[in-house]
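The values are calculated or read from the model by the stated rules, or taken from the named source; none is laboratory data. Note that the coordinates shown come from a computational prediction; the quantities given were computed from them, not determined experimentally. Because the Cβ atoms are built from the backbone with ideal geometry, glycine has one as well, and the counts that use them run over all protein chains shown. Just the protein is used for accessible areas: all its heavy atoms, side chains included, with ligands, DNA and RNA removed. Shrake-Rupley method; radii C 1.70, N 1.55, O 1.52, S 1.80 Å.
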Amino acid sequence: MSEPEKTDSVETVKNTIKSTQLTTEHAKKLTQVVNSIPTILSKLDNSEYDEIFGHRINVDSKKFVDVAVRNEILLKFLAADEYDVELATKRLIDTLNWRNKFHPLSAAFDENFNKALNDLGAITNFVGLKSDNLNVVTWNFYGATTPKKLFEEYGDNAGTTTNQRPGSQFLRWRIGLMEKSLQLVDFTDPKNNKIAQVHDYNNVSMFKVDKGMRAATKEIIKIFGDNYPELLSTKFFINVPSLMSWVFTFFKTIGVISEATLKKFQVLNSGNLTEWFGKSNLPPTYGGDSKSSMKELNVASIKLSPYGEYILEELGKKEIEDVIDEVE
Ligand code: HEM
């Protein structure tokens, strides 16, 4: 019989947390979650799938486990559910099951998307900012699209990837962007354990709002809300025409976005972001004096964590085996 896994003390767990000053009460709850990792894994659809954001969520003794990072990630799940251990455990199980099916790391690091989708986003990593947790930013140039055409081509099940991964191309591309940006985050750093997001609605028009887009938007909001807890510092909606402010009110009233998330939103009629990111970081389109365009500021190559690489390798092997089984 194998040795039962040793359990961690509250003090040990508390000492691993660097992103915030944990109270003893909260440290006790986190310790409960840490010590129930084997039980959590045993309840999964696939008990071998123990990866979140490229990091291994397993017991201390397993290879690849970075205890500090693992505990910080678990803390995010707990904090999102206001330190309710039962709810956080359910969220963790659901997220691990979702990741096992969706394969978000493959969307980010393995799959290729059409230029029309790639042009809709960017990731920047600024330094020397006044405020914390704004360094890493995902940008979405949603105003630059013709949503009807985009969602006809890449939304719903149109353009589903050839290897039958779940979701539309648009969804997989958007989740991929999020996952890539999370590789630039240091979960143990209080100044860089969350990201900011910008939606640029320049050139958006009333006539562009379309049914397919609304469905895709609702789906993404839910996926982010459920599976990416405590990762957003601020979300900027910029260049929003006054005439379209109702869209924001609409999102507020349909009840899919939590109160805590709504508090992180900043809606601007202009595109001037210098107050948050500084003049020198931004190109003139966003009020800055940087000579680099957004394309040049985009961090084109982002390295995946070692465990993320391992997961993708294993996935590739399994898919080859599945194909061989089908042929035989
Ligand atoms: C044609 C125009 C638009 C397109 C294509 C579009 C697209 C999207 C998409 C795809 C999302 C999903 C979340 C994400 O990708 O991060 C989203 C979320 C959202 N959009 Fe828009 N949008 C449009 C217009 C607007 C306007 C005018 C506003 C007004 C401020 C607005 C406010 C929001 C809000 C509040 C969310 C929720 C964000 C969240 O929960 O993270 N959108 N939009």
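May I ask for the percentage of alpha-carbon pairs in region 1-149 that lie more than 19 Å from each other? For region 1-149, the share of Cα pairs beyond 19 Å comes to 63 percent.
Computed over protein heavy atoms with a 1.4 Å probe, the carbon and sulfur contribution to the accessible area of the chain reaches 52%. What is the log10 of I(q)/I(0) for region 204-309, computed with the Debye formula using one identical point scatterer on each Cα and no solvent, at q = 0.23 Å⁻¹? Results for region 204-309 at q = 0.23 Å⁻¹ read -1.27.
Per-residue ellipticity at 222 nm, computed for the chain from helices alone with -39500 (n - 2.57) per DSSP H run of at least four residues, works out to -13500 deg cm²/dmol. Estimated at 0.36 nm per residue, the fully extended path between Lys222 and Asn125 surpasses their Cα-Cα distance by 32.3 nm.
Counted over all Cα-Cα pairs of region 1-76, pairs farther apart than 16 Å make up 49 percent. The lysines whose alpha-carbon is closer than 22 Å to the alpha-carbon of Lys130, local same-chain residues fewer than 8 away aside, are Lys18, Lys191, Lys194, Lys235, Lys263, Lys264, Lys279, Lys291.
Taking every Cα-Cα distance in region 92-137 and sorting them into 10 Å bins from zero, the calculated P(r) comes out as 20, 29, 36, 14 percent.
A Stokes-Einstein calculation at 37 °C with viscosity 0.692 mPa s, built on the Kirkwood radius of the chain over Cα pairs, returns a diffusion coefficient of 155 µm²/s.
For the residues Ser61, Ser293, Ser233, a 1.4 Å probe over the protein chains yields an accessible-area ranking, largest first, of Ser61, Ser293, Ser233. Take the chain with all the other protein chains still there, run a 1.4 Å probe, and you get 51 Å² of accessible area per residue. Centre-to-centre, using Cα atoms only, region 297-322 and region 165-185 are separated by 13 Å.
Annotation: peptides 257-264, 130-137, ranked by per-residue average of other Cβ atoms within 10 Å with the highest first, follow the order 130-137, 257-264. Each 5 Å bin from 0 upward holds the following percent of the Cα-Cα pairs of region 106-297: 1, 7, 15, 20, 21, 18, 12, 4, 1. Using the Stokes-Einstein relation with a Kirkwood hydrodynamic radius computed over Cα pairs, the translational diffusion coefficient of region 256-328 at 25 °C and a viscosity of 0.890 mPa s comes to 145 µm²/s.
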